[in-house]
Amino acid sequence: MESPEPPSAGNVDVRLIASSPEAARRVAEVLRRCFASSEQRSYPVSTETGGTRLHLTVDTARAAEPARSWLVTSRSSGNGRTQTDET
């Protein structure tokens with residue numbers, strides 16, 4: 001499988017997997033309070049186990065508080081490693 005193209009500068013693609021659509025929406029709402037974001041897209045994880053996968057893109061260049069102060073003081077670890085459960 002080929003890796004997707006990275007988002008444009010300042011944007012971050014966020015992908016959530018939650019046990020319910022409501023749980024995914026709650027996390028997306030918190031992100032929207034801190035960052036400008038795209039319309040969310042949700043998909044079922046599987047018909048057997050249930051769950052919801054939600055995708056949205058946030059714009060870190062248009063961050064609101066408290067995200068703005070966190071972004072200014074945070075530092076990247078620089079390792080760029082992918083977690084073992086990511087594709």
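The values are calculated or read from the model by the stated rules, or taken from the named source; none is laboratory data. Keep in mind the model is a prediction, meaning the values are calculated, not measured. Neighbour counts run over all protein chains shown; Cβ positions are idealised from the backbone, glycine included. Surface areas here come from the heavy atoms of the whole protein model, side chains and all, with no ligands, DNA or RNA. Shrake-Rupley method; radii C 1.70, N 1.55, O 1.52, S 1.80 Å.
Of everything in the range 39-59 that is of a type in the set (Gly, Ala, Ser) and surrounded by 15 or more Cβ atoms within 10 Å (Cβ to Cβ), the residue that is modelled with the highest pLDDT is 51. Total residues in the range 60-76 satisfying the condition of being open to solvent by 30 Å² or more (accessible area, probe 1.4 Å) and outside any loop (DSSP other than H, G, I, E, B): the figure is 9. Taking residues in the range 21-43 that are closer than 13 Å to residue 58 by Cα, and partners anywhere that are β-branched (Val, Ile, Thr) and open to solvent by less than 40 Å² (accessible area, probe 1.4 Å), the pairs with Cβ atoms closer than 6 Å and at least 6 places apart or on different chains are 31/58; 35/58; 37/58; 38/57. A count restricted to the range 5-38 and to residues that are surrounded by 14 or more Cβ atoms within 10 Å (Cβ to Cβ) and of a type in the set (Gly, Ala, Ser) stands at 7.
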